[in-house]
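What follows is a set of notes on a single structure, which appears directly below.
The values are calculated or read from the model by the stated rules, or taken from the named source; none is laboratory data. Since this is a predicted model, take the numbers as computed values, not measurements. With ideal geometry, Cβ positions are generated from the backbone for all residues, glycine too; neighbour counts draw on all protein chains shown. The protein model used for the area step is the full one, side chains on, heavy atoms only, and it has no ligands, DNA or RNA in it. Shrake-Rupley method; radii C 1.70, N 1.55, O 1.52, S 1.80 Å.
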Amino acid sequence: MTALPLRVLSVIPPMTQLNTPYPSTAYLTGFLRSRGLTAVQEDLALALVLRLLSPEGLKEVAQHIQALPARQHSPAVQSFVAQQDRYLATIAPTIAFLQGRDSTLAHRIVGRHFLPEGPRFATLDVYVDDEGGDPLGWAFGALGLHDKAKHLATLYLNDLADVLRDAVDARFEFVRYAESLAGSQATFEPLAQALAAAPNLVDDTLHALTLSAVERHAPSVVLISVPFPGAVYAAFRIAQTLKARHPQIVTVLGGGFVNTELRDLTEPRVFDYFDYVTLDAGERPLLALLEHLQGQRGRQRLVRTFVRDADSGQVRFLNLHEADIPFAEVGTPTWDGLPLDRYLSLLDMLNPMHRLWSDGRWNKLTVAHGCYWKKCSFCDVSLDYISRYEGASATVLADRIAQIVQETGQTGFHFVDEAAPPKSLKALATELIARQAGISWWGNIRFEKSFSPELCELLADSGCIAVSGGLEVASDRLLNLMKKGVSVDQVARVTKAFSEAGILVHAYLMYGFPTQTVQDTVDALEYVRQLFAHGCIQSGFFHRFACTVHSPVGQHPEEYGVMLEPLPPVSFAKNDIGFHDPTGVDHDALGVALKKAIYNFMHGIGLEEDVRSWFPFKVPKTTVARHRIERALRERG
């Protein structure tokens, strides 16, 4: 039992975004403070990267490389060794530049004589024209100096990430760190073995950062929020440090990964690291748990919480049915305590819409909990984060926005809903305009007909700069099968309305959906080409369809013409499930061509070519008229 009063520390584990804090700790900290509890937060993902990518960190990397045989040096490591002194001299000023603390350094960076250049810079060669001109001139022109420097500095950091992966930790990445140890892993064994192995430099650094955070905050409870498989390994390393050095601290695991993949948890070894594992929206389970720790309720009265039974050693799921905290009453997220001036604005892709995910520090906020549509057959519609839809009034949302701007001093917002409801966005936009809020915002929507040209103009007037939404398969037959509730023509009209209002549009695309044929795929690419060519969308990405156990496809495969592969016995993570599609299409081979095509479309390349030219093998001629989207847009008028 922990001492009173409780002091709660919420932690973001590596790895998550580097340009802005992952919002889970901000939500929980704001909620707990609204209930009078002492709550603080730490972003150990950012702290780890900043420590590794520092002069001291790179010196330790260099010492580690010296102990490796030269034959084990990858091209990235070879380049680092050859230019080691330059890396050590440039890393601190480059980080300061990407944090916005030294903007004048851009002049030196774009001169291409300041930063050491490793293998990642080879990507610039594809932009060189026949006369050997500026390879990035087409993207940044004569005056885009700051963005050009940011792109070059991002390539520089990616080179260093490759060095860390190749020389220090083969699992290291800026986003998908060691995710193969956790994602859909039926057994805990791979993760257990990794945690039992001797720590490497990355592990030791995280260990030291964890102890430093505990020393600063002296918590009695530590909440570790794990949004993705790529944050699981580090979360367990953090908990391992806490249990070894501060066993009296209560450790709690939650977050998106847990909510999705650990719903059938029976592995007792998880509780060597965590005392409690909670599911779904965290507010109610945390209140119940904290009341239990304070002696106000018994252990049997916990809500959606896994524990290990002290007598049998087996995992138990405790779930006293209590109503969740209404969305309108969860309080305002707070970023107090997070180093907002130390996040890194990165520019990976030269596309004005695509850059929003990695560039700039956005205040992340939710317009509504859950999804108002919740019918898409590929989506985890059976889980709480989709199925339980709750909104808040425009007044409440605008008040939250105003409070966040006052706290952070920053006016950019990313609405992170599964799909922000049109009615709620209209009401919020009207309220923001009336208050002259002066914010910029973007978020995820469904491309439904409610987004008329008039509504898009209203959203733009309120500060909307971009939207993303799912076109998915770009096939009316398949859109109907997946119960998407839109058509290709409707998407064209809606996206054009956004674009004409000056709002950037990103389309989520999918391939490999059950019964999708080669012809479907080629036709989908043609639709996408036309959408780019007519200025309906500015950005997109093709995702490979994955069948999950929580989706309608995973629960009723017979309705989609596929057979599921049997799962092994599951004691740890369960999410993706294999299936047999009788079409027999090699979707992986098609995916390479789709991703190459859309990458070029986003850069304005190949928009007039026959889409078959992107495939390195013979595919059927598209059955889609080349002016289908143009006709749909004319009909709108």
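Taking amide H as placed 1.01 Å from N in the peptide plane, Gln41 has its amide H under 5 Å from the amide H of Ser10, each at least 5 places away in sequence or on another chain.
Which peptide among 352-359, 393-400, 192-199 comes first, and what is the full order, when sorted by highest mean count of other Cβ atoms within 10 Å?
Details: 352-359: 20.2, 393-400: 17.5, 192-199: 12.6.
Per-residue mean Cβ counts within 10 Å order the peptides as 352-359, 393-400, 192-199.
Close amide-amide hydrogen proximity is noted between Asp324 and no other residue 5 or more places distant or on a separate chain, at a cut-off under 5 Å (H modeled in the peptide plane; Pro and chain starts excluded). Shape call for the stretch 558-637 from the C-alpha gyration tensor, a ≥ b ≥ c root eigenvalues: rounded (a/c under 1.5), prolate (a/b greater than b/c) or oblate? Prolate, because a/c is 1.5 or more and a/b exceeds b/c. 3J(HN,Hα) along the stretch 362-379, derived from phi through the Karplus expression 6.51 cos²θ - 1.76 cosθ + 1.60 where θ = phi - 60°, amounts to 9, 6, 8, 9, 10, 6, 8, 8, x, 10, 6, 8, 6, 10, 4, 6, 8, 9 Hz, with x in place of Gly and Pro. Summary of the geometry: the stretch 495-554 and the stretch 332-398, compared by the centres of their Cα atoms, lie 20 Å apart. For the chain, taking a cut-off of 4.7 Å between Cβ atoms, the unpaired cysteines are Cys371, Cys456, Cys464, Cys536, Cys547. For the stretch 95-110, the Karplus equation 6.51 cos²θ - 1.76 cosθ + 1.60, evaluated at θ = phi - 60°, returns couplings of 4, 4, 4, 5, 8, x, 9, 8, 5, 5, 5, 3, 4, 6, 4, 5 Hz by residue, with Gly and Pro reported as x. Around the amide H of Met510, modelled in the peptide plane, lie the amide H atoms of Glu472, Val473, His543, all under 5 Å away and 5 or more residues distant in sequence or on another chain. First check a/c for the stretch 41-114, with a ≥ b ≥ c the square roots of the eigenvalues of its C-alpha gyration tensor; if it is under 1.5, answer rounded, and if not, answer prolate when a/b is larger than b/c or oblate otherwise. Taking the square roots of the gyration eigenvalues as a ≥ b ≥ c, the stretch 41-114 is oblate. Computed 3J(HN,Hα) for the stretch 147-164, one whole-Hz value per residue from the Karplus formula 6.51 cos²θ - 1.76 cosθ + 1.60 where θ = phi - 60°, is 5, 4, 5, 5, 5, 5, 5, 5, 4, 4, 5, 5, 4, 5, 4, 5, 5, 4, glycine and proline marked x. Here, the chain is characterised by an Rg to Rh ratio of 0.95, where Rg is the alpha-carbon radius of gyration and Rh the Kirkwood radius.
On the chain, 52 percent of the accessible area sits on carbon and sulfur atoms, based on a 1.4 Å probe. In this structure the chain gives 40 Å² per residue of accessible area when probed at 1.4 Å with all protein chains present.
Where a ≥ b ≥ c are the square roots of the eigenvalues of the C-alpha gyration tensor, would you call the stretch 394-443 rounded, which needs a/c under 1.5, or, failing that, prolate if a/b is larger than b/c, or oblate?
Because a/c hits 1.5 or more and a/b fails to exceed b/c, the stretch 394-443 counts as oblate.
With the helix formula -39500 (n - 2.57) applied to DSSP H stretches of n ≥ 4, the chain reaches a computed 222 nm mean residue ellipticity of -11500 deg cm²/dmol.
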